[in-house]
Amino acid sequence: MERKHLREQNRFSWNRVVGAHDSHRGDLAGFLRAGGSTLFPEELELLGDLEGKALAHLQCNSGGDSLSLAVRGATVTGVDISDAAISSARRLSKQTGIPAGFERADVYDWLEETARAGRYFDAVFSSYGVVCWLPDLDTWTRGIAAVLAGGGRFVLVDFHPATDMFDESWKHARAYPSGGERLFLKEGVGDYVAESQGGLTPAGFAEGARDFKNPHHGYLFRWGLGEVVTALAAAGLRIATLKEYPYVNGERPFSGMRELPGRRMVPPERVPAVPLMYGISAVKN
Ligand SMILES: C[S@@+](CC[C@H](N)C(=O)[O-])C[C@H]1O[C@@H](n2cnc3c(N)ncnc32)[C@H](O)[C@@H]1O
């Protein structure tokens, strides 16, 4: 598939940042062992009962969410392009004793190979900063449809494309995303876990890496919400739920964000409501 080299460049950028992110997570293994979960209510509501289900967690990063899903009774396969993220996820699985399989692969290759091998899942899940790394929505959604068992469900929770229109100080600075427009990320993937000031570290925030600089640039792809939904429908998936949320879980992408209980961040009072996250549940009939 074309643009593979852009995704490989992103792999370098992610490999470099994973250690910095993990350095802030505190005793995540102990937190999970003690029954803690890194998941938010939005994805849990969309996923529903996971007991006994085979679940593929795409772009799983360091595996905290994958293991939290496994604790809920799913047999989890986590997939990520980053070697460092998959090593970290396997380590976390070992440290916690929570079983899950982790496979290092570009999501496009994995979906194609998994469908070819006749492996099927009851649920496919992906969340929080995933669509922006995908240069082609139709191949992605067709791939997901191909690995879902009949009656299976795809759940996506991601940052709303409307958030991409504003600069850090809430000024309307960029056009609404569309067409997968490529964005050169000169500074590479940054240390957003540090910037979240505890929002992404449910086990407690550790100081960890300071002043992280990524030597590897990256590429993002700007898609609108309508394009994501249309690609899912075109792949034959029935949209069961589409929710837009006026808050964001964990991250603090803008200045003056106020933190509500449950690591839920809302804009300052002077900013009228904007959709900051969305959630989709789509079913293979
Ligand atoms: C912001 S993180 C997602 C957060 C994750 N859900 C979590 O629980 O922490 C984005 C992930 O996408 C992965 N990624 C980016 N491009 C990818 C690709 N082409 N195939 C597979 N994974 C990819 C990155 O390595 C990174 O781990």
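Readers should treat all values here as calculations from the given coordinates under stated rules, not as data from a laboratory. Note that this is a predicted model, so its numbers are computed, not measured. Please note: Cβ atoms are built from the backbone with ideal geometry, for glycine as well, and neighbour counts cover all protein chains shown.
Odds and ends about this structure:
- Within the straight-line cut-off of under 14 Å between alpha carbons, the aspartates and glutamates reachable from K243 are E42, E43, E45, D158, sequence neighbours fewer than 8 places apart in one chain being disregarded.
- Förster radius 45 Å - calculated FRET efficiency between A175 and R72, Cβ distance, rounded to 0.05: 0.70
- With R₀ fixed at 22 Å, the C-beta to C-beta distance from E8 to K94 puts the FRET efficiency at about 0.20.
- Peptides 96-107, 67-78 ranked from most to least packed by the mean count of surrounding Cβ atoms within 10 Å: 67-78, 96-107.
- Packing rank of 137-146, 35-44, where each peptide gets the mean count of other beta carbons within 10 Å, highest leading: 137-146, 35-44
- Most mobile of R238, R174, R182 in a GNM of the chain (Cα contacts under 10 Å): R174
- Environment charge of E181, counting only residues whose C-beta is closer than 12 Å and scoring Lys/Arg +1, Asp/Glu -1: +1
- Reachable lysines, given that their alpha-carbon falls under 26 Å from the alpha-carbon of K4 and they are not under 8 places away in the same chain: K186, K213
- Charged-residue dipole, Cβ positions (Lys, Arg, Asp, Glu), segment 1-127 about Cα centre, Debye nearest 20: 440
- If you wrap the Cα atoms of the chain in a convex hull and average its projected area over all directions, you get 13.8 nm².
- Label-point separation, F184 to A117 (7 Å along Cα→Cβ), nm: 3.8
- Taking amide H as placed 1.01 Å from N in the peptide plane, the amide H of F121 sits under 5 Å from that of L148, A149, each at least 5 places away or on another chain.
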